[in-house]
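The values are calculated or read from the model by the stated rules, or taken from the named source; none is laboratory data. These numbers come from a predicted model, not from an experiment. Note that each Cβ is placed from the backbone with ideal geometry, even for glycine, and that neighbours are counted across all protein chains shown. SASA here: full protein model, heavy atoms, side chains in, ligands and nucleic acids out. Shrake-Rupley method; radii C 1.70, N 1.55, O 1.52, S 1.80 Å.
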Amino acid sequence: MNHYLQYCKPSLSAALTSIGLDKVYHRAEGQYLYYSNGLGAEKQVLDLLGGYGAVLFGHNDPAFRQQAVDLLQANTPFHHQFSIRNGAGALAEKLQPLLRKETGWPEPFRCAFTSTGAESVEVAIKHSEMSRGQKLELLSKQSERALEQLGLAFAENTTLSLALSEAQAMLHPELTNASSDQAIAYVSKHNASVLQQPPVFIALEHAFHGKLTTSIQLTHGIMYRQPFRRLGLRTEFVSIAQLERLCHGDTTWLDRPSLLLPKKTKKGLVLEEVAIPSVAALLVEPVQGEGGVYALTEADAKVLHRVRDMLGCPLIADEVQSGSGRCGSFLAGSQIGLKPDYVVLSKALGAGLSKLGVVAIRSGQYAEGFDILQSSTFAEDEMSCQLAAAYLDRLAEDDGRALSTVRELGEALLVALKELHQTYPDVIKDIRGKGLLLGVEFQDQDHAPAHLIRTSAYQGALGYLLTGHLLNEHGIRVAPPASAGNVLRIEPTILLTQQQIDELIYALERMCLALRYQDTGYLMHF
Ligand code: F0G
């Protein structure tokens, strides 16, 4: 029995076997992965999945590989934590001009390094809550001072009473006719409880920000989040339309608790209401990958900026998948004028060989002292930092030739896929994405005449059936995003050729015909 199946992923392995995806890849080079067909023959697979976005320049790129070998041979220190890490410093410095140019912020960015995408998201979350905590601390002091003043005012004038608004009288009946001591105790308790409320995070529909205990709470896919819902973190998943309505005053879905701050005015002693920063962060992916390949627009970016300003919370761009060049610019968000306060990167930044993530926070938003609280054994390691720095150099070579190649290839692929969509609108529902992060959405097959197609569609597994078919019949590797079973995600490397685009289109066209004529035999031919 296969040990992976036996000891690591019993359920997943069984699923992989059932759809012909149980390949054992023994070699990876450039755009290709290789497995043995069991009869001694090596089979070549065109990898259009790019390690879910982690491989932009191809598998085992010779220059990056040589660099890794050189670093090992030079006995480079990898585990010299708690010292000055020059590799991390040099990488952070290299990121500065890119981040400034692409976000439009003129200030430096502080970089917290990690090892994975989800870890980076968790670090961003931690930071946003620390920074919210610092603001709450100031408000808490303000509340204490105001209450002291209230005590003094009552002591000076025993007939003084609070002038409550109608709404306040309704919301806080305990304050009507309260004695001075009772009023002080009530306001003090109210403020303490407001300041203790856990933060709210806002994420978008179809969001995917990772699968760790905190980041999973920001991942919209119910299947992944549901079993862990009791672990905390309050997240509101919203559409851009909902955020737009928020800008116009519709706060029905969002609690905005306020402190009561007693203040002497001409009208007498009033309770000023000051909304606390209840939202710790607003998180977005400029191009969502795992949720089904949805890209934000310029208009969406404007709404996000308004919400960020209105709520006084940081806007976090999770560019783990869409960034590092995958969409044709260093940050996908720069194509729509997105101006995030934090940028989260990982995946491709590791040059396809190392595990690295980074949270870059603009210095105006940086919570002093955070770097002392946040660390990890494997973060800032020399190998991944040096590979990532070389990766950035590669993106910049020849005036950014790599990025223009991503844009050109992405455009050629998009045009070809859109043509296919026009020919098979009954089978393909939509083509979307940016650069080399594209998605093909299939029409609903829930009522298809063919039993197998209907049942796999019903189980949200149509994309998996098609994936197995493309791999076994055409030697092409793609996969559906885990939260969108009727979408095929296409994330090729920069080595893609026109001939390979044609091969993909040919394979997809055969598949479209099989779906149109419900030819289960052809689709199951693996
Ligand atoms: N954020 C985004 C936008 C991602 O796409 C991913 C991973 C993560 C965070 C988490 O990164 O896996 O290194 O912990 N996306 C993969 C996918 C798994 O299917 O697209 P990780």
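Can you confirm whether K418 is of a type in the set (K, R) and within 16 Å of the ligand (Cβ to nearest atom)?
No, not satisfied.
Quick check on my filter: what residues within the range 332-349 are more than 10 Å from the ligand (Cβ to nearest atom) and either surrounded by fewer than 24 Cβ atoms within 10 Å (Cβ to Cβ) or assigned to a helix (DSSP H, G or I) (or both)?
Within the range 332-349, A332, G333, S334, Q335, I336, G337, K339, A348, L349 meet the criteria.
Six or more apart or on different chains, Cβ atoms under 9 Å: show the pairs whose first residue is in the range 122-144 and without any contact (Cβ under 8 Å) to a residue 60 or more places away in the chain and whose second is assigned to a helix (DSSP H, G or I) and surrounded by 22 or more Cβ atoms within 10 Å (Cβ to Cβ).
Filtered contacts from the range 122-144: S140/N191; E144/N191.
For the structure I just gave you, tell me whether L356 is open to solvent by less than 40 Å² (accessible area, probe 1.4 Å), under 23 Å from L48 (Cβ atoms) and touching a residue at least 60 places away in the same chain (Cβ under 8 Å). Break it down stepwise before answering.
Working: open to solvent by less than 40 Å² (accessible area, probe 1.4 Å): yes; under 23 Å from L48 (Cβ atoms): no; touching a residue at least 60 places away in the same chain (Cβ under 8 Å): yes.
No, not satisfied.
Taking interchain pairs and intrachain pairs at least six residues apart, which have beta carbon atoms under 6 angstrom, with the first residue in the range 193-213 and aromatic (F, W, Y) and the second within 16 Å of the ligand (Cβ to nearest atom) and assigned to a loop (DSSP other than H, G, I, E, B)?
F208/T219; F208/E290; F208/G291
Considering only residues that are closer than 22 Å to R477 by Cα and more than 24 Å from the chain's Cα centre (by Cα), look in the range 423-441 and name the one that is surrounded by the most Cβ atoms within 10 Å (Cβ to Cβ).
I428
Can you name every residue in the range 468-504 that is in contact with a Phe, Trp or Tyr (Cβ under 7 Å, 6 or more places away or on another chain), within 16 Å of the ligand (Cβ to nearest atom) and more than 20 Å from Y25 (Cα to Cα)?
Result: S483, G485, N486.
Can you name the condition, by its number, that Q142 falls short on among (1) under 30 Å from A178 (Cα atoms); (2) surrounded by 19 or more Cβ atoms within 10 Å (Cβ to Cβ)?
(2)
Determine which member of the set L99, L49 is open to solvent by less than 20 Å² (accessible area, probe 1.4 Å), within 16 Å of the ligand (Cβ to nearest atom), modelled with pLDDT of 95 or more and farther than 30 Å from Q196 by Cβ.
On the way: L99 fails: within 16 Å of the ligand (Cβ to nearest atom).
Answer to the check: L49.
Output yes when any residue across the range 243-264 is in a helix (DSSP H, G or I) and open to solvent by 50 Å² or more (accessible area, probe 1.4 Å), and no when none is.
Yes; the residues of the range 243-264 include at least one that is in a helix (DSSP H, G or I) and open to solvent by 50 Å² or more (accessible area, probe 1.4 Å).
Inside the range 424-526, counting only helices (runs of 4 or more DSSP H) that do not spill past its ends, which hold 2 or more residues that are out of contact with any Leu (no Cβ under 6 Å at 6 or more places or on another chain), at pLDDT 95 or above and under 22 Å from G20 (Cα atoms)?
Values: elements: 451-458, 462-474, 498-516, 520-523.
Once the helices (runs of 4 or more DSSP H) in the range 424-526 are filtered for at least 2 residues that are out of contact with any Leu (no Cβ under 6 Å at 6 or more places or on another chain), at pLDDT 95 or above and under 22 Å from G20 (Cα atoms), what remains is 462-474, 498-516.
Which of the numbered conditions does F57 fail, given that it passes all the others? Conditions: (1) within 16 Å of the ligand (Cβ to nearest atom); (2) of a type outside the set (A, V, I, L, M); (3) open to solvent by less than 60 Å² (accessible area, probe 1.4 Å).
(1)
Hey, can you tell me all the residues within the range 201-236 that are aromatic (F, W, Y), closer than 13 Å to S483 by Cβ and surrounded by fewer than 18 Cβ atoms within 10 Å (Cβ to Cβ)?
Y224
Please count how many residues of the range 278-300 are open to solvent by 20 Å² or more (accessible area, probe 1.4 Å) and in contact with a Lys or Arg (Cβ under 8 Å, 6 or more places away or on another chain).
Number of matching residues: 2.
One residue is enough: does the range 388-404 have a residue meeting the conditions within 25 Å of the chain's Cα centre (by Cα) and under 30 Å from L523 (Cα atoms)?
no
Would you point out which residue out of G460, G400 is surrounded by fewer than 20 Cβ atoms within 10 Å (Cβ to Cβ) and within 16 Å of the ligand (Cβ to nearest atom)?
Among G460, G400, only G460 is surrounded by fewer than 20 Cβ atoms within 10 Å (Cβ to Cβ) and within 16 Å of the ligand (Cβ to nearest atom).
Let me spell it out: the conditions are (1) aliphatic (A, V, I, L, M); (2) closer than 16 Å to F201 by Cα; (3) assigned to a helix (DSSP H, G or I), and L282 meets all of them except one. Which number is the exception?
Here L282 meets the rest and fails (3).
Keeping to the range 158-172, report how many residues are part of a loop (DSSP other than H, G, I, E, B) and open to solvent by 60 Å² or more (accessible area, probe 1.4 Å). Lay out the reasoning, then the answer.
Taking the range 158-172 as the starting set, the residues that turn out to be part of a loop (DSSP other than H, G, I, E, B) are 158-161, 164-165, 172.
Applying the additional criterion that residues be open to solvent by 60 Å² or more (accessible area, probe 1.4 Å) yields 158-159, 161.
The qualifying residues number 3.
Would you point out the residue of the range 319-331, among those that are open to solvent by less than 10 Å² (accessible area, probe 1.4 Å) and within 13 Å of the ligand (Cβ to nearest atom), that is nearest to S128 (Cα to Cα)?
E319
Take the conditions open to solvent by less than 50 Å² (accessible area, probe 1.4 Å) and of a type in the set (A, V, I, L, M) and apply them to L452. Does it pass?
Here the answer is no, as L452 does not meet what is asked.
Quick check, is Q386 surrounded by fewer than 19 Cβ atoms within 10 Å (Cβ to Cβ), in contact with a helix residue (DSSP H, G or I) (Cβ under 8 Å, 6 or more places away or on another chain) and polar (S, T, N, Q)?
Working: surrounded by fewer than 19 Cβ atoms within 10 Å (Cβ to Cβ): no; in contact with a helix residue (DSSP H, G or I) (Cβ under 8 Å, 6 or more places away or on another chain): yes; polar (S, T, N, Q): yes.
Answer is no for this residue.
Exactly one condition in (1) in contact with a Leu (Cβ under 8 Å, 6 or more places away or on another chain); (2) open to solvent by 30 Å² or more (accessible area, probe 1.4 Å); (3) away from the ligand (no atom under 16 Å from the Cβ); (4) not hydrophobic (A, V, I, L, M, F, W, C) is not met by E119; state its number.
(3)
So is L420 open to solvent by less than 30 Å² (accessible area, probe 1.4 Å), out of contact with any Asp or Glu (no Cβ under 9 Å at 6 or more places or on another chain), in contact (Cβ under 8 Å) with a residue 12 or more places away in the chain and not small (G, A, S) or not?
Taking the combined requirement at face value, the residue does not satisfy it.
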